[in-house]
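Only one structure is covered here, and it is reproduced in the block below.
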Amino acid sequence: MGERKGQNLYYPPDYDPKAGGLNKWQGTHALRERARKIHLGILIIRFEMPYNIWCDGCKNHIGMGVRYNAEKKKVGMYYSTPVYQFRMKCHLCDNHFEIKTDPQNLDYEIVSGARRQENRWDPTQNEQIVPETKEVQRKLFDDAMYKLEHGAKDTKAAEEAKPVLGRLFQRNDSVWRDDFEANSRLRAQFRTRKKELKLQEEKDNALLARSSLAVALLPESDNDRRMAQLMRLHSSKTVHEKDKERRNAILNRPVLPSTCSGKQSIGSKQSNAKLECKSLGIVKRPASSIGKPDSSSEQTEQEKRPKLVETAPEKQVEATTTSKAGTETRPQLLLCNYGSGSSDSD
């Protein structure tokens with residue numbers, strides 16, 4: 001079918017075979033738009049991302065295998081191998097990043113606009129086959145003794161790896177002997193896990209709806225449960241127990257105040273009365289002095305005046321006076337002097 005490609009092309013009537021092919025005669029390139037910068041040494045190609053990267057513009061992850069329309073140009077030589085550089089635009093933002101080939105290390109190197117996600121490791125740590133470097137290959141080709149020593153090391157490493165390889169083969173055979181059974185077991189585990197995730201999602205949505213929240217809930221852990229139990233406030237008594245205690249307290253409460261409370265109230269009233277007497281200038285005088293303006297009689301009565309016995313203000317205050325001639329009892333009264341003085345002589 002290849003020979004018919006030339007026959008399927010349309011040749012206009014004014015076509016001149018001396019001009020060459022159709023593209024040359026029409027002044028176009030065979031790659032059309034992909035060669036629009038060919039005069040600058042740039043060719044538009046389809047480039048596939050060789051590894052995972054992070055875009056410096058939008059900080060998003062771009063996975064390995066994502067394809068872009070990249071501008072390819074030659075930037076140098078490594079011995080006889082050309083070094084190419086590719087410039088492409090991120091599909092998530094307006095940032096451009098550039099990647100070039102690294103023939104020396106058989107890898108790609110990021111020039112600008114992105115950074116590599118480091119997933120590299122030393123292949124000797126997980127017992128992978130490491131290709132020989134150029135120096136080792138040169139020594140193997142030139143030095144026979146080094147080649148013999150290198151072969152002995154390879155043989156020793158193969159003998160040490162035989163038991164490990166045997167165990168791996170046995171495990172693989174025991175697990176994947178019946179492909180259908182293994183696949184069914186894996187699918188059953190997948191279905192069970194899917195149901196658990198769906199149930200958990202429904203619970204989370206119900207909780208968010210009750211709380212009027214719009215946040216992502218993390219899975220529960222034992223530490224979170226312990227902290228929630230410690231922070232939860234538990235009532236020591238139920239509502240019915242509290243109502244019963246309140247009812248019993250009302251039923252057992254006395255109708256009249258108790259004696260102790262009465263005494264305490266009387267004592268408090270006495271202290272208030274004392275304070276009021278001192279502050280208001282209340283003077284205590286005997287009843288015999290009332291209506292006697294004579295000062296000598298007042299002095300005689302003061303000498304004969306006994307010490308007052310203070311009791312509760314509710315009771316009548318009485319005192320006993322003893323004279324030279326005999327003993328007699330006279331009632332004592334509380335009188336208030338509203339004059340300017342506060343002494344007994346006033």
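See the values below:
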quantity	calculated
Out of A144, A182, A161, sole residue that is of a type outside the set (S, T, Y) and touching a residue at least 24 places away in the same chain (Cβ under 8 Å)	A161
Top-ranked residue in region 106-149 [being of a type outside the set (F, W, Y) and touching a helix residue (DSSP H, G or I) at 6+ places or on another chain (Cβ under 6 Å); ranked as nearest to K162 (Cα to Cα)]	K147
Among residues of region 76-103, those that are assigned to a loop (DSSP other than H, G, I, E, B) and open to solvent by 50 Å² or more (accessible area, probe 1.4 Å), counted	5
Filter result for R191 (open to solvent by 80 Å² or more (accessible area, probe 1.4 Å), in a helix (DSSP H, G or I) and modelled with pLDDT under 85)	no
Test: residue in region 235-242 that is at pLDDT 90 or above and acidic (D, E)	no
Filter result for the condition that a residue is free of Cβ contacts under 8 Å to residues at least 24 places away in the same chain, of a type in the set (A, V, I, L, M, F, W, C), assigned to a helix (DSSP H, G or I) and open to solvent by 100 Å² or more (accessible area, probe 1.4 Å), over L218, L230	L230
Cross-chain or 6+ apart pairs with Cβ under 9 Å, region 127-141 first and closer than 15 Å to K153 by Cα and aliphatic (A, V, I, L, M), then part of a helix (DSSP H, G or I) and open to solvent by less than 100 Å² (accessible area, probe 1.4 Å)	V136/Y146; V136/H150; L140/Y146; L140/H150
Test for C93: is it modelled with pLDDT under 95, of a type outside the set (K, R) and in contact with a Gly (Cβ under 8 Å, 6 or more places away or on another chain)	yes
Residue match in region 165-179 (condition: open to solvent by 90 Å² or more (accessible area, probe 1.4 Å) and farther than 30 Å from T124 by Cβ)	yes
Where H29 falls short, out of the listed (1) assigned to a loop (DSSP other than H, G, I, E, B); (2) open to solvent by 40 Å² or more (accessible area, probe 1.4 Å); (3) farther than 30 Å from P13 by Cα	(3)
All positions within region 108-166 that are over 30 Å from K59 (Cβ atoms) and among the polar types (S, T, N, Q)	T124, Q125, N126, Q128, T133, Q137, T155
Matching residues, region 104-127, being of a type outside the set (S, T, Y) and open to solvent by less than 90 Å² (accessible area, probe 1.4 Å)	D107, E109, I110, V111, G113, A114, R116, Q117, N119, D122, P123, N126
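Every residue, every condition in (1) at pLDDT below 80; (2) closer than 30 Å to Y108 by Cβ; (3) open to solvent by 70 Å² or more (accessible area, probe 1.4 Å), yes or no:
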| site | (1), (2), (3) |
| --- | --- |
| M1 | yes, no, yes |
| R4 | yes, no, yes |
| P13 | no, no, yes |
| P17 | no, no, yes |
| W25 | no, no, yes |
| F47 | no, yes, no |
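The values are calculated or read from the model by the stated rules, or taken from the named source; none is laboratory data. All values reported here derive from a predicted model rather than from experimental measurement. Backbone-built Cβ (ideal geometry, glycine too); neighbour counts: all protein chains shown. In case anyone asks, the SASA skips ligands and DNA or RNA and just uses the protein heavy atoms, side chains included. Shrake-Rupley method; radii C 1.70, N 1.55, O 1.52, S 1.80 Å.
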